[in-house]
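J.: Got a structure for you, written out below as structure tokens; questions coming shortly.
Each value in this text was obtained by applying a stated rule to the coordinates, not by laboratory testing. Since we're looking at a predicted model, the values are computed, not measured. Reconstructed Cβ throughout: ideal geometry from the backbone, glycine too, with neighbour counts over all protein chains shown.
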Amino acid sequence: MELLDFEGQSVLDSRDVSQMIGKQHSNLMRDIHSYINDIEPNSNLNSADFFIQSTYKDKNNQVRPCYLLTKQGCEFVANKMTGKKGNQFTAQYVSLFNSMKKTIETAPQEILNKLHREWNVPTTLSGALQLAANQQIQLEKQKPKVDYYDSQMRNPGLMTATEIAKDYGWSANKLNKELNKRGIIFKQGKHWVLYQKYADKGYTQYEPYDFQKSNGQHGLYNNLKWTQRGKKFIHDVLAKDNIHPTVEQLDLLEM
């Protein structure tokens, strides 16, 4: 049994939870559907803070639905249980999440110590500030004027909305809303999807994220990512409304 990482937060697969509480996965899925139906009418609550829709491949390579449970989701399930199984499940998930929290809290200092040993990276604030100042001076001396397309468009990999949004100083949510306002994407359930007129342009791809559990089962969920053609398309669309990436804004101010 192990925690998974979903967009920076620790989660448990509903299949693992079903084993932990001794319930058929189909029955747990039914219960979670019911919980979500109770949560969603309340505008102050977001069911995704508890239960995140996902998928996995079964032994026949068929994609099946499942959920990823956050710590709050585990608490929700535990609160519905009584007796020995409920107590055991609570003890298990609390231990898992606390262990992950301790790892996250201690990791930065361990990494910093390793960097200091191997690369002489400063471990004090004053040393770090001095190093940063020296590096900034060198960057200013060496910094060329680079065209946006050369600096931003040549990465051949797929990009998330979060990565593209950072070019504009935005969040992924703001970028998605701007694209939705322009009739490019729409919300389907909890996911953003391209309108059909753009679906065959090569702007996006679904990148499957496959993970293997300790019991040998595989889980799978799909992330919508933008290709470099899609990133250029976003750039051109926003440029028509005089919305430019931060690097271009700086160049325009200097002109």
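J.: Pairs 57/225; 174/201; 174/225: which are spaced more than 18 Å apart, C-alpha to C-alpha?
T.: The pairs that break the limit, which is 18 Å between Cα atoms, are 57/225; 174/201.
J.: Moving on to the next point. Can you tell me how the stretch 4-102 classifies by the Cα gyration tensor, rounded, prolate or oblate, using a/c under 1.5 as the rounded cut?
T.: On the way: a/c = 1.20, a/b = 1.08, b/c = 1.11.
Judged from the Cα gyration tensor, the stretch 4-102 comes out rounded (a/c under 1.5).
J.: Mind ordering 87-95, 30-38, 6-14 by average Cβ neighbours within 10 Å, highest first?
T.: 6-14, 87-95, 30-38
J.: Would you please state which residues of the stretch 72-95 a label at residue 38 would reach in this model, taking the label point 7 Å out along Cα→Cβ and a backbone N cut-off of under 11 Å?
T.: Answer for the stretch 72-95: 76-81.
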